[in-house]
Amino acid sequence: MTFAEELEYLRQQTPLTRAVADRVCARDLRGVRVAFAVHLDIKTVPVVEAVVRAGAEVFVVTCNPATVRDEVCGYLQGCGAQVRAHAGMPEAAWRDSLAWALEQRPHFLCEMGGELAYRAAHDPRDVRAGMEATGTGVQRLRAVDLPFPVLDWNALPLKEGLHNRYMVGLVTWTTFLHVARVTLYGKRVLVVGYGPVGQGVAEYARLLGAIPLVAELSPDRRLLARHAGCEVLALEDALPTAHVVVTATGRERVLRDEHFARLRDGAFLLNVGHSNRELDTDALRRYPTRTLRPHVEEVRLPHGRVYLLAGGAMFNLAAGPGDPYDAFDLTSAILLAGLAHLLDSGPAYPPGLHPMPREVELEVAALATRLRAEG
Ligand SMILES: NC(=O)c1ccc[n+]([C@@H]2O[C@H](COP(=O)([O-])OP(=O)(O)OC[C@H]3O[C@@H](n4cnc5c(N)ncnc54)[C@H](O)[C@@H]3O)[C@@H](O)[C@H]2O)c1
């Protein structure tokens, strides 16, 4: 299948995104500069493309070097966007690309991870408003004094409730079966962090025959986990018993050397949180490692071996296909609707973080219902 055919197939499976993209394309965005720092996966193509087709000057970088597809970069470039990203780009080149995006003096930022807004907070230049699509980015931006408004798109109930809760869990395990070539039957799966992402990961693990364990800092989410039938344990106590450990906190270095020392022989380690540093892979790689299969690295710890999957990057995206197209349709449609709201009304908000208004996704939900009824 060529990239063009794959894109055509994606478009067939994402009618909602098509409908919202048509409305964005119909705008006149000439003279407007928009910088995107997003996963450069085929599914974000329609989002970026709509803004280019509306006439905006568009600058594209990645929010995560581990999820870049070169064909996506090439395609967006062909549409007229300026792109600075390539698959496997080193950390230093990625940081340069973020600086480059800001040097283009964008008016609007649309991102996943808050890298641009965080940097622009100290030197906003022409930035009028931004939009942040991840919990990790929102958390990072809470720590800075933003001189411009940023709309928190992640907290929209449908995005958080459907995308984070269902899609990551489902695809994490279909990817795991494919990459690790082992099942979850009877395995103790430890989920670290029980937000919507962790909840979905634990639930789908159970559906595939696993025993879900949860380590979570917040007492209310520990209670939720217990009510969902998970074993809730302190991280230190859970690690020696887990066959598979999944981090889903969005924080950095959640699992460090002292935790690795507690892992059982043969344990699998993977991360689905936004940061590629949730597992302290620098600490792990001080031990002898070798790649046994694509995305499967054996690490020889002093007391046994563990398997690091996808180098600790976001597993479902870095080692798998990411979300199924039809499910991502809702996500990308809401993303585009949020972007339209950002362009129309973003600068009118006072500086700082603001929730994206609920109406943005209610309108898309109504459209989804209509399209389904028609289809
Ligand atoms: N892989 C994907 O495709 C994908 C998709 C959506 C979101 N995400 C990312 O997944 C991460 C989680 O998303 P969410 O919506 O569930 O976020 P969230 O912030 O609602 O939940 C994270 C949970 O982790 C807990 N936590 C933090 N540090 C911890 C620690 N040291 N030990 C145990 N628990 C800890 C927090 O208390 C919180 O309950 C974010 O980084 C988000 O950006 C990934």
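The values are calculated or read from the model by the stated rules, or taken from the named source; none is laboratory data. Given the structure is predicted, the values throughout are model-derived calculations rather than measurements. Glycine gets a Cβ as well: all are built from the backbone with ideal geometry, and neighbour counts include every protein chain shown.
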Checklist (1) within 12 Å of the ligand (Cβ to nearest atom); (2) among the β-branched types (Val, Ile, Thr); (3) closer than 20 Å to His39 by Cβ applied to Val179, failing item: (1)
Hits in the stretch 205-224 - residues which are within 13 Å of the ligand (Cβ to nearest atom) and either surrounded by fewer than 22 Cβ atoms within 10 Å (Cβ to Cβ) or not assigned by TED's automatic domain parsing to the domain that holds Leu239 (or both): Leu217, Ser218, Pro219, Asp220, Arg221, Arg222, Leu223, Leu224
Test: residue in the stretch 116-130 that is part of a helix (DSSP H, G or I), of a type outside the set (Phe, Trp, Tyr) and closer than 20 Å to Pro46 by Cα: no
Residue among Leu190, Leu184, Leu170 that alone is of a type in the set (A, V, I, L, M, F, W, C), out of contact with any His (no Cβ under 7 Å at 6 or more places or on another chain) and assigned to a helix (DSSP H, G or I): Leu170
Any pair with Cβ under 6 angstrom, 6 or more apart, that starts in the stretch 211-223 at a residue that is under 17 Å from Arg188 (Cβ atoms) and ends at one that is assigned to a strand (DSSP E or B) and within 6 Å of the ligand (Cβ to nearest atom): Ala215/Val192
Residues (among the aliphatic types (A, V, I, L, M), in contact with a strand residue (DSSP E or B) (Cβ under 9 Å, 6 or more places away or on another chain) and crowded, with 22+ Cβ neighbours inside 10 Å) located in the stretch 319-352: Ala319, Leu335, Leu339, Leu342, Leu343
Leu184 more than 11 Å from the ligand (Cβ to nearest atom) and over 20 Å from Gly137 (Cβ atoms): yes
In the stretch 261-283, residue surrounded by the fewest Cβ atoms within 10 Å (Cβ to Cβ) [restricted to those that are in contact (Cβ under 8 Å) with a residue 12 or more places away in the chain and charged (D, E, K, R)]: Asp265
Candidate set from the stretch 229-278 (those that are within 14 Å of the ligand (Cβ to nearest atom) and assigned to a strand (DSSP E or B)); member that is farthest from the chain's Cα centre (by Cα): Val232
